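The values are calculated or read from the model by the stated rules, or taken from the named source; none is laboratory data. These numbers come from a predicted model, not from an experiment. Ideal geometry is used to build each Cβ from the backbone, glycine not excepted, and the neighbour counts take in all protein chains shown.
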Amino acid sequence: MNKISQLISLLGGTGVVAEKLNIQPSAISNWKKLNKIPNKKHEAILKLSSNLDINIENFFPKKNILNVKDTKVRILLIICGGIACYKSLEIIRLIKKTNIELDVVLTKSAQKFITPLLVTSLNERKCYTDLFSVEDETKMNHIKLARKPNIILVAPATANILAKLANGFADDLASSILLASFSKIILAPSMNPIMWNNLATRENCKKLLDRGVKFIEPDTGDMACGENGTGRFPEPKLIFDIIMGYINKNQTLVNQFKNISILITAGPTIENIDPIRFMSNKSSGKQGFEIASELAKRGAKVTLVTGPVNIPYPNCDNIIKVTTAQEMFDVVTRQLPTDILICSAAVADWKLIPKISSNKNIDINNKIKKNNDNLSFEAVENPDILGTVAKSNLRPKIVVGFSAETNNLKKNAYSKLISKNVDLIIANDVSDNKVFGEDFNKVCLIEKNNCEEWKKQTKKSIAVHLANKINHLLTNFNQ
Ligand code: C5P
């Protein structure tokens with residue numbers, strides 16, 4: 001039985017498919033004979049299969065799978081001025097065969113090899129070249145170009161663009177876009193082997209890898225410059241296939257947490273002492289925001305409850321801003337029930353109530369004067385959001401806590417795991433003060449019967465690993 005016959009039989013047989021597609025059964029028999037379905041019927045067949053939850057990946061080329069899911073995949077291709085840049089025209093041609101929306105940027109050096117007109121003709125839309133263009137600035141400035149794509153592919157990526165990206169330069173359109181983007185960045189470097197192996201390039205690549213940039217490694221062989229070694233631009237089809245593989249993998253991820261509600265606390269809380277002074281902590285909110293962003297990308301319905309922060313808000317369903325621990329507690333308890341709770345906020349453990357000698361409270365609506373006799377502060381404990389919810393009868397299926405420690409990291413985190421009744425604790429050592437506000441973090445994952453030391457990585461990368469872990473726990477919970 002050939003592939004198309006197998007597919008038709010999976011879909012219910014010739015009669016059923018003919019009826020559902022409103023065509024003659026003889027047409028279906030023809031498809032089976034030719035082992036081919038006409039292009040114009042692909043979409044209908046794919047719809048039929050998705051209704052029946054049949055995986056038809058083996059029956060159709062990937063291009064059509066993209067078409068059907070109708071996901072709005074957008075790629076920005078940045079072509080730099082390496083001698084191999086003409087090969088990127090083939091990448092444009094291959095992407096054009098899919099329903100992916102493609103924009104192309106040519107750097108100044110790339111324009112020495114290929115023209116914007118050629119790219120525009122191939123891609124059938126404007127090719128971007130200038131950072132300072134009056135026309136582009138009104139319609140599609142570099143910030144919009146940076147935010148639009150899911151993926152930014154730099155191919156070929158020269159030693160120059162690697163150095164600029166690694167060191168945060170933004171002196172032309174391409175580097176400014178790269179710096180202003182949240183998208184997945186994929187680099188396909190190509191250059192002379194000595195340049196590729198130069199310590200400066202090696203260090204730049206290492207920095208970029210650590211930040212989560214993905215590389216498509218250059219090939220080894222004869223180079224256009226006459227030398228031999230590593231630095232050749234990979235075949236365009238290979239680059240295209242890697243990009244498609246990445247998209248397909250992510251499309252599976254998109255629905256991983258579909259219909260799952262996740263409540264996340266993040267950032268610090270602030271406890272006012274009087275109208276001017278307050279007590280708080282150094283939490284930036286970055287780790288919690290990365291987690292919210294990652295889980296939202298995977299289809300979860302994310303509600304983020306955040307204390308006051310100075311970083312951009314992630315893309316998620318609902319963001320609720322609070323100031324004090326009590327407000328955070330009230331909001332979180334009002335949001336229950338939820339499937340998953342992740343408490344990454346650094347909640348102030350106490351609020352400070354100013355008192356004077358006679359043990360009387362002071363009017364905190366006015367600035368406390370320095371000359372108050374025997375001024376002291378009573379520390380009143382704030383409600384424990386994590387512990388309270390995890391022990392309540394509205395306990396979510398999975399509860400994740402954080403534990404910032406200056407000593408006995410694992411021991412203290414484990415005690416919290418047990419005393420607060422949570423499933424998983426992400427513990428980090430904050431003794432050297434190098435966690436708050438940073439982009440990197442080094443954490444331990446602690447469960448009742450498991451302790452994992454994760455290597456130092458970006459907070460984004462920790463969010464990805466945590467999302468994988470939570471997915472695993474959820475799958476076990478549902479079994
Ligand atoms: O007890 P400790 O503050 O170290 O516990 C840390 C964990 O508990 C974090 O997940 C934090 O978000 C949560 N927590 C809370 N409410 C508090 C204090 C901490 O939810 N009042």
Residue match in segment 383-402 (condition: surrounded by 14 or more Cβ atoms within 10 Å (Cβ to Cβ) and over 28 Å from H472 (Cβ atoms)): yes
Elements of type strands (runs of 3 or more DSSP E) in segment 261-338, at least 1 residues being in contact with an Asp or Glu (Cβ under 8 Å, 6 or more places away or on another chain): 261-266, 301-306
Check on C85, more than 19 Å from K237 (Cβ to Cβ), in contact with a helix residue (DSSP H, G or I) (Cβ under 8 Å, 6 or more places away or on another chain) and at pLDDT 90 or above: no
All positions within segment 1-49 that are charged (D, E, K, R) and more than 21 Å from T98 (Cβ to Cβ): K3, E19, K20, K32, K33
Residue satisfying condition, being part of a strand (DSSP E or B) and in contact with a Leu (Cβ under 6 Å, 6 or more places away or on another chain), within set I152, I177: I152
Some residue of segment 319-337 being within 23 Å of V443 (Cβ to Cβ) and within 22 Å of the chain's Cα centre (by Cα): no
Tally, over segment 417-452, of residues that are more than 16 Å from the ligand (Cβ to nearest atom) and in a strand (DSSP E or B): 4
Filter result for the condition that a residue is modelled with pLDDT of 85 or more, outside the structural domain of L162 (by TED's automatic domain parsing) and more than 24 Å from N150 (Cα to Cα), over P38, P25: P25
Filtered residues of segment 384-410 (kept if charged (D, E, K, R), more than 8 Å from the ligand (Cβ to nearest atom) and either in contact with a helix residue (DSSP H, G or I) (Cβ under 6 Å, 6 or more places away or on another chain) or within 10 Å of I446 (Cα to Cα) (or both)): K397, K410
Scope segment 339-382; condition of a type in the set (D, E), surrounded by 12 or more Cβ atoms within 10 Å (Cβ to Cβ) and in a strand (DSSP E or B); matching residues: E378
